[in-house]
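The values are calculated or read from the model by the stated rules, or taken from the named source; none is laboratory data. Just so we're clear, the structure is a prediction, and the values are computed from it rather than from any experiment. Cβ atoms come from the backbone with ideal geometry, glycine included; neighbour counts cover every protein chain shown.
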Amino acid sequence: MVGRGAHGFPVWRPAGHAIHVMPGPRQFAARPAQTIEDAMTNFAPVADSLRRAFGRDGFFRLLALALAAFAMAAGPKAQDRDCVTIRSGPFQDITATVGGPGAPLPAFTPASFTAAAASTFALSQVFPLPGFWLPSLTGDPQAKWMGITALGIGQSFLLSHPFVLDGCVFANASITIDIAVASQAGDVGAGGPNPIGVYLNGNALVGFSGGGSAFASTWTASNIGAFLLPGCNTLEIYVRNTDYQHSGVIYSANLCWDHECLAKEYIGLHTGNGTGTVDTEVHALPLSAAPIGPDFVAAQSAPFAAITAPPPNGCLPRCNPNARWNATSGSATLYAQPFEITACNVTSLRIKGEGGVYKFLGDAANQVAGIYVNGKAVPGSWADGLSGTACLSGDFIALVGDCDLIANGTNWLYLYVREGVPVLPAPMTGLVYCARLTVTSCAQPETVHFFSGPGVMMRTGAAMTQLQTSAFVWPLDFVCSAPAFVVGARNGWCPGLSGSPAQWVAATATRTPMSTMFCQTFTVNTCTGSIGTALMTMNYAVDDDLGDFRGGGFNLPGIYINGKAVPNSMTTSGGPSLCRSMVRNVSDLLVNGPNTFTVYCRDTQAVASGAIWDVIIDIQPCPDPAIRVGDGCLPTLATLAVAAPFDIGTTGVFDVEYPQGPGTRLVILGLGFFQIPPVDLTPFGMPNCTLDIDFATTFIGMTGFSGGAQFPISVPADPALIDVPLFAQGIVRDPSVGGLGLVMTPAIKTVIR
């Protein structure tokens, strides 16, 4: 049920005071430098070129990111762990089945736990506490005593506390619970069929029993991964009453497991023009009372809310400048907005919202929620909008999958707004908001396999020359309109690829020498709709070369996916007799759906031409937080990646790797906000290298002995930064390459979320 999470109910507060979790320490860090010249005079020609070409205006935008101070640190990277805290308290949607005073409940069966979860009986916070009860948990003062009534009437009960887990397999999962209970947890020592007091999804946690009301007990269990489920889970606690007077429980459970790579889908919603465009389709249904089941269905087809001017001194949320006030007549209104989820195997929906209401969101006095997802209430989601002048913000987690959300379909966000005492002669409600929805899902690994043979298409050119005298442009230059010929292996060619049905293809049946582009289509079909990490293993042979690198020309790479070059995919030595292999990361080249694979076979000897290939692409669920936007130097071993994503209120990390021999090397990280046409750095002593982004500012670091340098950057908790792109490119000092002694990483783009 929506909002039934262990992360606390939404806290509606003035915008700009969000709470964020900082990531753990990373292996390497770097120290900042004011200018690139301060670190190494050899960088001066490059820096001068950057200033002449792009200026320094972007520097002031980077200042808004509050770049963190860097400090050198080294050491092994600890295993990442994900944890959730499940604590007792109001607005957690904790339900229960209740027994008699001083008596045990019947022997538990799966139906017992189902009944507790489906119960409409919600526990209440106990207040005031009986004098002999523990006032609070030392380790978690947010936890509260909960019972059948506010007075803690003495009856046994089985509670069900729902919570969300963003995980799939839960390796090395463990749980520690601090608990005080009146009278005790489970029947142990008191007589009854249920000796255990704590359960996960109906699975007993052996040894979790006993305890008392005047002190806290701590129980720990490991290897509980088999008890956990992706997305929706429940913690069950059996409170056994023995004294016929009072019963209740206070607890804080910390559940952890090894971090997993999960796919994420981002959805933006806001109030807008009121006419029903994709992200501003807000319907408005007038009500005479709090919404009930049929009202949610009716609101989906209600008229659109009209755009209106904000009330005097009305809130204008910062999170989206296009958000506009919507209003409708009436003393109460149910506003409804649809959104699409394209992913499957969904584990959670996180919603961060900011906005204002005229006049009340929900009804705090009667504990009527103001926010709903698919008709399910978000407990505690009520607030006084102060006639629209208060900018409110909050975040919550919604349970998902079969609990709440419709994967691969339409879902609905609802807001119940009331005027309170009507203002005559025309009662009115209004609201403005923008919401950021993050859908997390368990994407399954996928393997794509294809090989050369019948069905390969081609376009051809002349022998002994490049296919065209300009750089390839997608999609115009990647149109292959003629079928390629399947041929046998010529004498002196690689006879075949071990274990593969791949066949040689050529421009003619007689293998006439000519530069040729071969094209083949393949399909990627991930359930999340997004590509995580994709590793391509290609076994191949070619006569004469992949790309123009050895023969001269404008298109050095030989392999392309969707018109984008596969990094370092050119022939640098050897001939067609070699049965070769390459492994490349192609995460940023793939799309979900049809893809085009291209082999550019360059003829250099006017003897014969042809190619054979077998390709396996392993797609893993971990999303790549960055995409490649430029080649840097070709070829190169220098790489740049995002080691920790750039989310508002957290610290993102760029990682430069250069595994070229032992020792440390100087590293420059350039940051900018734009991709630029490639700037040839050959005149500056860096042949076959290009600058691909605007360098708004630069930072200096050193690689460790493992070849890596990491640059952490703090991102403020400012919603205005959401969707702002960050471009980065690295430069590594290596005197052995000659010239200026520098190598450039490919440029990458990431987005602040």
### Those residues of segment 103-127 which are farther than 20 Å from P379 by Cβ and in contact with an Asp or Glu (Cβ under 7 Å, 6 or more places away or on another chain), in sequence order
P104, F113
#### Entry: Selection from segment 292-316 of residues that are in contact with a helix residue (DSSP H, G or I) (Cβ under 8 Å, 6 or more places away or on another chain) and buried (at least 18 other Cβ atoms within 10 Å of the Cβ)
P311, G314, C315
### Query
Tell me, which strands (runs of 3 or more DSSP E) wholly within segment 642-753 include 2 or more residues that are farther than 20 Å from P567 by Cα and either in contact (Cβ under 8 Å) with a residue 12 or more places away in the chain or not assigned by TED's automatic domain parsing to the domain that holds T533 (or both)?
651-657, 666-672, 697-702, 708-714, 725-733
### Message
So T447 passes all but one of these: (1) modelled with pLDDT of 90 or more; (2) assigned to a strand (DSSP E or B); (3) surrounded by 15 or more Cβ atoms within 10 Å (Cβ to Cβ). Which condition number does it fail?
### Response
(3)
### Any chance L235 is surrounded by fewer than 22 Cβ atoms within 10 Å (Cβ to Cβ) and modelled with pLDDT of 95 or more
no
### Message
Condition (residue is farther than 30 Å from I307 by Cβ and either in a loop (DSSP other than H, G, I, E, B) or modelled with pLDDT of 95 or more (or both)) applied to segment 261-268: is it met by at least one residue?
### Response
yes
### Task
Could you tell me whether any residue of segment 154-177 is surrounded by fewer than 23 Cβ atoms within 10 Å (Cβ to Cβ), in the same structural domain as E236 (by TED's automatic domain parsing) and within 12 Å of H246 (Cα to Cα)?
yes
### Query
What number of residues within segment 120-138 are surrounded by 11 or more Cβ atoms within 10 Å (Cβ to Cβ), out of contact with any His (no Cβ under 9 Å at 6 or more places or on another chain) and touching a residue at least 40 places away in the same chain (Cβ under 8 Å)?
3
### Task
Those residues that are in contact (Cβ under 8 Å) with a residue 60 or more places away in the chain, within 19 Å of P106 (Cα to Cα) and not in a strand (DSSP E or B), I need them from segment 172-224; list them, please.
S183, D187, A190, G191, G192, P193, N194, N201, G202
### Query
Does any residue of segment 665-672 turn out to be touching a Leu at 6+ places or on another chain (Cβ under 6 Å) and more than 24 Å from N585 (Cα to Cα)?
no
### Message
Against the definition (touching a Gly at 6+ places or on another chain (Cβ under 8 Å) and of a type in the set (F, W, Y)), how does F296 come out, yes or no?
### Response
yes
#### Entry: Only one of L467, L415, L497 that is under 38 Å from the mean Cα position of the chain (by Cα) and among the aliphatic types (A, V, I, L, M)
L415
### Query
Only one residue in A289, A323 is modelled with pLDDT under 95, surrounded by fewer than 17 Cβ atoms within 10 Å (Cβ to Cβ), outside the structural domain of N203 (by TED's automatic domain parsing) and small (G, A, S). Which one?
A289
### Out of G730, G685, G663, G738, sole residue that is more than 30 Å from L437 (Cβ to Cβ), modelled with pLDDT of 85 or more and over 31 Å from the mean Cα position of the chain (by Cα)
G685
### Query
Could we say that L262 is buried (at least 23 other Cβ atoms within 10 Å of the Cβ), closer than 30 Å to T526 by Cβ and hydrophobic (A, V, I, L, M, F, W, C) here?
no
### Message
touching a strand residue (DSSP E or B) at 6+ places or on another chain (Cβ under 8 Å), within 30 Å of L721 (Cβ to Cβ) and not β-branched (V, I, T): is that true of G207 in this structure?
### Response
no
### Query
Which residues, taken from segment 61-112, are at positive phi, modelled with pLDDT of 50 or more and either outside the structural domain of Y244 (by TED's automatic domain parsing) or among the acidic types (D, E) (or both)?
D93
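So for segment 289-304 (the condition being of a type in the set (G, A, S), free of Cβ contacts under 8 Å to residues at least 40 places away in the same chain and part of a strand (DSSP E or B)), does at least one residue qualify? So that I can check it myself, show each step before the final result.
Step one: filter segment 289-304 for residues of a type in the set (G, A, S), giving 289-290, 293, 298-299, 301-302.
Going one step further and asking which of them are free of Cβ contacts under 8 Å to residues at least 40 places away in the same chain, we end up with 298, 301-302.
If we keep only those that are part of a strand (DSSP E or B) as well, we get none.
The answer is no; no qualifying residue exists.
Here's the yes/no breakdown for (1) assigned by TED's automatic domain parsing to the domain that holds W412; (2) touching a helix residue (DSSP H, G or I) at 6+ places or on another chain (Cβ under 8 Å); (3) farther than 20 Å from D140 by Cα; (4) acidic (D, E):
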| position | (1), (2), (3), (4) |
| --- | --- |
| G186 | no, no, yes, no |
| P195 | no, no, yes, no |
| Y199 | no, yes, yes, no |
| F208 | no, no, no, no |
| G212 | no, no, no, no |
| I224 | no, no, yes, no |
| H246 | no, no, yes, no |
| A253 | no, no, no, no |
| L269 | yes, no, yes, no |
### Query
Which condition number does P162 fail, the rest of (1) modelled with pLDDT of 95 or more; (2) in a strand (DSSP E or B) being met?
(1)
### Query
Mind checking which pairs have a first residue in segment 329-346 that is among the acidic types (D, E) and a second that is in a strand (DSSP E or B) and buried (at least 20 other Cβ atoms within 10 Å of the Cβ), Cβ under 9 Å, 6 or more apart or different chains?
E340/N411
### Message
Quick check on my filter: what residues within segment 578-615 are small (G, A, S), free of Cβ contacts under 8 Å to residues at least 60 places away in the same chain and not in a strand (DSSP E or B)?
### Response
S587
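Rundown of residues vs (1) surrounded by fewer than 24 Cβ atoms within 10 Å (Cβ to Cβ); (2) in the same structural domain as A728 (by TED's automatic domain parsing), yes/no style:
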| position | (1), (2) |
| --- | --- |
| G552 | yes, no |
| I561 | yes, no |
| S569 | no, no |
| N585 | yes, no |
| V591 | yes, no |
| N595 | yes, no |
| C601 | no, no |
| V629 | yes, yes |
### Message
Out of everything in segment 225-248 that is closer than 30 Å to S441 by Cβ and assigned to a loop (DSSP other than H, G, I, E, B), what residue ends up being farthest from the chain's Cα centre (by Cα)?
### Response
L228
### Query
What number of residues within segment 103-143 satisfy the criterion of being out of contact with any strand residue (DSSP E or B) (no Cβ under 9 Å at 6 or more places or on another chain), in a loop (DSSP other than H, G, I, E, B), of a type outside the set (A, V, I, L, M) and farther than 24 Å from A369 by Cβ?
6
